[in-house]
Every structure is written in structure tokens, then in C-alpha cells.
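The values are calculated or read from the model by the stated rules, or taken from the named source; none is laboratory data. Keep in mind it's a predicted model, so treat the numbers as computed, not measured. When we count neighbours, we look across all protein chains shown, and the Cβ atoms used for this are built from the backbone with ideal geometry, even at glycine.
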Amino acid sequence: MDFSQIAQQLINGLSLGSLYGIIAIGYTMVYGILRLINFAHGDVMMMGCFFAFYGIMIFSLPWWVSFPVAIALTALLGILIDRGAYRPVRNAPRISALITAIGVSFFLENLGLVVFGGRPKGFPRPDMFAGIYTIGNVRFLGLSIWVPIITLGLLLVILYIVYRTRAGRAMRCISYDMETTRLMGVDVNRVIAFTFALGSAAAAAGGILWAMKYPQINPLMGIIPGLKAFVAAVLGGVGNVVGAMLGGLILGLAEILLVAIRPDLSGYRDAIAFGILILILLFRPTGLMGEKLPE
Amino acid sequence: MDEHRRRNQIFSIIAVACLFLFLWSMQVFADSYQIRILNNIGLFIILAVSYNLINGVTGQFSLEPNAFVAIGAYTSALLTLTPIEKEMAFIIEPIIWPLSVIHIPFVFSLLAAGVVTAFFGFLMGFPVFRVRGDYLAIVTLGFGEVVRVIANNTQTITNGPLGLKGLAGHTNIWWTWGLAAFTVFFISRMVRSSFGMAMKAVKYDETAAEAIGINAFGHKMLAFTTSAFFEGIGGGLLAHLITTISPTLFTFFLTFNLLIMIVVGGLGSITGSVIAAVVITWGGEALRFVEEPIHLGFATIPGIPGMRMVLFSLILVLVMIFARKGLMGAREFTWNGLFRKIREWKGRYVKES
């Protein structure tokens, strides 16, 4: 493999990895606060893609209007899911919450199948991202460069919110000790709703980038990216925003490199994430950047 | 207690005889569609009850049945196909040596399916039970995906995405219901034994259970391996019921169906799992009308395919929010319980009149 191929694969891995990372952020924030694996996160991402798709196709909005509107709608959906499904089981055993999350995930997938139909739909790729650039022997889609840049921008915004604003401070407090935070007069439910909104918005942004990269969408598209993003979140240390991004990048690069080095094993691509997950849970359950988990 | 024992035994025998008569009359009078639903019900009783052993009774929330069913189905199918059929099915790459010549009767293939799956469950147990709670769920889900990916890629063993076709339809209602009865009997005896007590102790408080000398890991492994054994047998039955298997059959969707059953029935209740398996399998068929056009005389609502799954997922969420214990909670059906209920009901009725 010569240099240009390596560069090519690195670009691919970087752009796939940052997508995993941005989706993983939503998982990690919700888990950090509620200790709940939001199974429906990948499906929330899928809904974001469909909102954007219908914004462009039915309401004929330009993409720079449709995408932000879709992100806002998805944030709203995140709040609705929390209010309708997760809040009622907040004080139940954690397994009940997990089962609820699985139910919500299947609900969104099947609702998607009923409402949107199961046939994959082509997702429009705005001209801005569609250009193909050549540097030396390396050819790449403009989107492959835009994805890491946009992701980095979103990561900085989320980091700012989590570490520099009052809402972010409340979020971090809740993840330490929800009861004490409540006693300090913080409206815990509102902060959690805000967390869901933020995580869902990030998922929608990641989903739209994903849909432009593989330009088609269907109601079941969220399952595999959702699971892999969860693995990325665990890999980075669940509850840690930077860790989630790091885990996503590692996972993306690992996948692309496996396919590049051993094309005959490319069928096992989807198994890598779970292989990594099993290893990480066995040898370093706190993840790369995680703190020790309370039991 | 002792005086009722004889009565309870007699009632149990009568109940089994009634079931037998019912199945026999169905065998004679029912059409193939109804027989198929009966088969599905028997099969899902096996799968749900054994899944409940690890998830409900031992309280280790795991999501791997699709992996176990897949292993069982492939094992059993590869053993009952004749060498010639295998040669014809494996058109891309020939099947590897020992499997290419083996051909054994259905009943032994089921047994082999159970043993092989239990062995895989045993191996899987070592890594997965090092974690618990949500992580256990995700790791076992991951194993399910890995098994599916492997089945898709090992062309020389599983025939890859092409799957195995043309299996003999050995499975009939005697197999499904006979094995369902055996599963229920075996697992309920296990739950009532000291092993079952220990499993429940692990469920309610693992630390306290270990403090009184229960080997928590060992009992989790026991439950997991037993569950795998029966899931594997269920897989073998499934393969010879639908006669075609491919990796797409064993997605998380299968696990989801079983999960609804054990949650609706009540985590930890074998009775609940049986009732839920019957009601949900039958209900799934009965609910087909929501996907068909509905004529109201003056207007027609077009059929919406897929509506049933929307309803089922909604039911799961609603059960979790409003009726977390499910139908039965962790209670079980007993004859004594039934007679107590009847006496209570009678007492109330007499007082009122």
C-alpha cells in the first residue's frame, strides 16, 4: 500500500469516525446523567434524516433552511421521548428503563416503516459538499473533509455548553448525584430534557451528514450506526464527551483499515465494533478516558 | 399440603390429557394455517420460557436468544440434510469435510442442536458475566450480531447469505408441544430446586447471595447454559418448521419478540411466559386485520402493513410504564393457588347473595 492509498483510507476513516463520534456524544451525555442506554438514539438520528429529507422534498426548502429545522425538530422529538417514555420510569429499576428504551426504538423504526415506507430514498447532496477534489493521487469527496470540520465545530459547541454554561454545570452535577442536585433547587427534569434535546440535535446533525455521505435513507438506517456509536461511547469512557469523539474516531479508523488491509475480511466489518466492545469491557471497563463507574 | 398432593397430581394428569385431546382434535380438524399457528405457539413457549430463566428468574438482563436460536437452527439443519442435498445447496463453495458426509435423524439433530448451543452459551458466559446490568445487555446483543455476521460470512459452513433451503418439515405439533411441555416441566422443576432458589437470590441481591455462600457466577452460568440448551432445541424445531433458514431470520427482531413475551408475562414467571407466548403469538395473527383495509360501509380505511409491530412496541412501552410487573409478576400458577382463588370467590359470592 503506497502513501496515497494510506492517505485516502485515513480520510475515509476520519470522516466515518467523526460521524460515529458525533452520534456517540448523545449516548454518552444521556448515560452520564441517567445511567440509561438510550437504545432509541440511532432511531432519533434516522428521524432527523427524514425531517431533513421531507423539508427539502416536500416543502422545497433550501438545504440551509431544511437542515437546521430538521435538527430543531429532532431536538423536540428527543424532549418528547424523554417526557412520554423515560420520565415515567425514571424511578423504576434500571432494567425497566432499558426495556422502555428498546420499546421506543422499535416504535420509531416501525412507525418509520409505516409512515415513510420501507423503500430506501435517495438523499440530496448539496453542491457545496458534492465536489470531488484531487491532491496528488488522493481523490476525495468534499464531504469527507467537511464532515470532520463540522463535527469538530459541533464538538466545541457542546463542550462549551457542558463546561461553560449554567445548564452544563447542572448536567454535570446531576451525573454526580441527582438527589443532591434536586435538593440544591435545580429543576432536574428540565435539565434532563435539555440533555435529550442537545443529544438528539447532535444525532440529527450526525445523521444528516451520514445521509449525505451514503446518499440514501430508510427507516432502519439508525440501528447499526446507533449500536456502533454506543460502542464508541463505551470505548471512550461513557459519560465523557471528548472520550466519545475519540472512541468514534478509533472505531471508524479501525473499520476502514481492516477493510483496506484485508479486503477478504470486509464481511466481518460490522463484527469489529462488538469485538472491540467485548475486549474493552473485559480489560478496561471504564473506557479510555472514563472515570470509575459507580455500581 | 400433603392431603392436596394427590388431588393436584390428578388435576395435572387431567390437564395434560385435555391438552393432548385438544392437540389431537386440532390435528384432525384444523386447517394447515391453524396448525401452523399452533406450531408457532409451541415453539415460542419453548423460547420464551427458557429466555425467562436467565432474564427473569436469575435477573441477568441479556439479549442473545437470536444468537442461540441461530446456532441451534444451523446445527440441526446441517445434520439432517443429506450429503447430496448439501452438495447441491453449497453452490458457491463446497461444504467443509466432516459436515459434508454426516446425516443423522431429526431427533438426534435436535439433541445435538441443544448440546452445541449450550456449549457456545457456556463459552460465551465467561466473558459476558464479568459485566452486569446495561453492559450485559449490550454485550449479549453484540454477541447476537457477531453470530449473525459469522453466519453470513462462513460460506463453507453455513452457506453464507444463501442460507439452507429444502429442509424436511419434520416439525409437527407433537414435537413443538411435546418439547414445550418438557421445557416448562424441566425449567419449573429447576426453579423450584435449590438451584432456582439460588438464582432468585442472585436476582434480588447478588452481594447478599454471595455473602451467604451462593456462587453467583456459577448459577448465572447454569441458567445461561440451560437457557442456551433449550433455545438451541427451539432453533432446531424452527429450522424444520419453516424449512428454510438464512442469517436474516435471526436478527434482533426475534429477540425483541421474545422480550415482549417475557415482559408482558412477568419477568421471572414461567406461567406468565407461557400465557404471553400463547396470547402474543395468537394475537399477532388475530391483529392482522389492522393491516387490511377496513370497510366501514361509507368509507374504506386502506390497510397499513407494519401496523402490528407499531402496536407491539407501544404495548411494551405502556406495560413498562403502567404495569411493570406484567401479567403474573413473579407468581406462578399452582393448583392450590387456583382452588384458594375459587374458594375466595365463592365466599364473596355467597356473602353477597
Going by the conditions given, is B:S269 crowded, with 22+ Cβ neighbours inside 10 Å and among the polar types (S, T, N, Q)? yes
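Residue by residue, here is whether (1) hydroxyl-bearing (S, T, Y); (2) surrounded by fewer than 24 Cβ atoms within 10 Å (Cβ to Cβ); (3) under 22 Å from B:I138 (Cβ atoms) holds:
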| site | (1), (2), (3) |
| --- | --- |
| A:V186 | no, yes, no |
| A:V191 | no, yes, no |
| A:F194 | no, yes, no |
| A:G199 | no, no, yes |
| A:Q216 | no, yes, no |
| A:L220 | no, yes, yes |
| A:G226 | no, no, yes |
| A:G239 | no, no, yes |
Starting from region B:56-85, keep only residues that are closer than 22 Å to B:V264 by Cα, then list their pairs with residues that are of a type in the set (G, A, S) and assigned to a loop (DSSP other than H, G, I, E, B) whose Cβ atoms are within a distance under 8 Å, requiring at least 6 positions of separation or different chains. B:G56/B:G266; B:G56/B:G268; B:G56/B:S269; B:G56/B:A330; B:V57/B:G268; B:G59/B:G268; B:F61/B:G133
Filtering region B:186-237 for residues that are β-branched (V, I, T), under 20 Å from B:L267 (Cα atoms) and touching a Gly at 6+ places or on another chain (Cβ under 6 Å) leaves a count of 1
Scan region B:148-206 for residues that are in contact (Cβ under 8 Å) with a residue 60 or more places away in the chain and of a type in the set (K, R) and jot them down. B:R148, B:K165, B:K200, B:K203
What number of residues within region B:107-166 satisfy the criterion of being within 30 Å of B:I84 (Cβ to Cβ), facing chain A (nearest Cβ under 7 Å) and not hydrophobic (A, V, I, L, M, F, W, C)? 2
If A:A273 meets every condition in (1) crowded, with 23+ Cβ neighbours inside 10 Å; (2) more than 22 Å from B:G125 (Cα to Cα); (3) of a type outside the set (S, T, Y) apart from one, which number is that one? (2)
Matching residues, region B:161-174, being farther than 9 Å from B:S246 by Cβ and of a type outside the set (F, W, Y): B:G166, B:L167, B:A168, B:G169, B:H170, B:T171, B:N172, B:I173
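Report yes if some residue within region B:316-323 is crowded, with 16+ Cβ neighbours inside 10 Å and within 19 Å of the chain's Cα centre (by Cα); otherwise report no. Walk me through how you get there before you give the answer.
Let us first name the residues in region B:316-323 that are crowded, with 16+ Cβ neighbours inside 10 Å, namely B:316-317, B:319-321.
Subsequent filtering for residues that are within 19 Å of the chain's Cα centre (by Cα) retains B:316.
Yes - at least one qualifying residue is present in region B:316-323.
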Please work out which one of (1) in a helix (DSSP H, G or I); (2) at positive phi is the condition B:G166 fails and give its number. (1)
For region A:123-139, pairs from a residue that is in a loop (DSSP other than H, G, I, E, B) to a residue that is aliphatic (A, V, I, L, M) and surrounded by 11 or more Cβ atoms within 10 Å (Cβ to Cβ), with Cβ under 6 Å and 6 or more apart or across chains, are A:F123/A:A211; A:F123/A:I217; A:P124/A:I56; A:R125/A:M212
In region A:54-67, is there at least one residue being in contact (Cβ under 8 Å) with a residue 24 or more places away in the chain and small (G, A, S)? no
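Taking the residues in region B:61-90 that are among the acidic types (D, E) and within 21 Å of B:V101 (Cβ to Cβ) as candidates, determine which candidate is surrounded by the fewest Cβ atoms within 10 Å (Cβ to Cβ). First the steps, then the outcome.
As a first pass, look at region B:61-90 and keep what is among the acidic types (D, E): B:64, B:85, B:87.
Subset that is within 21 Å of B:V101 (Cβ to Cβ): B:85, B:87.
On the way: B:E85: 16, B:E87: 13.
Only one residue fits best here, namely B:E87.
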Scan the helices (runs of 4 or more DSSP H) fully inside region A:206-295 and keep the ones with 2 or more residues being at the interface with chain B (Cβ under 10 Å from one of its Cβ atoms) and not acidic (D, E). A:223-236, A:269-283
Scan A:I224, A:I280 and give me the residue that is at pLDDT 80 or above and touching an Asp or Glu at 6+ places or on another chain (Cβ under 9 Å). A:I224
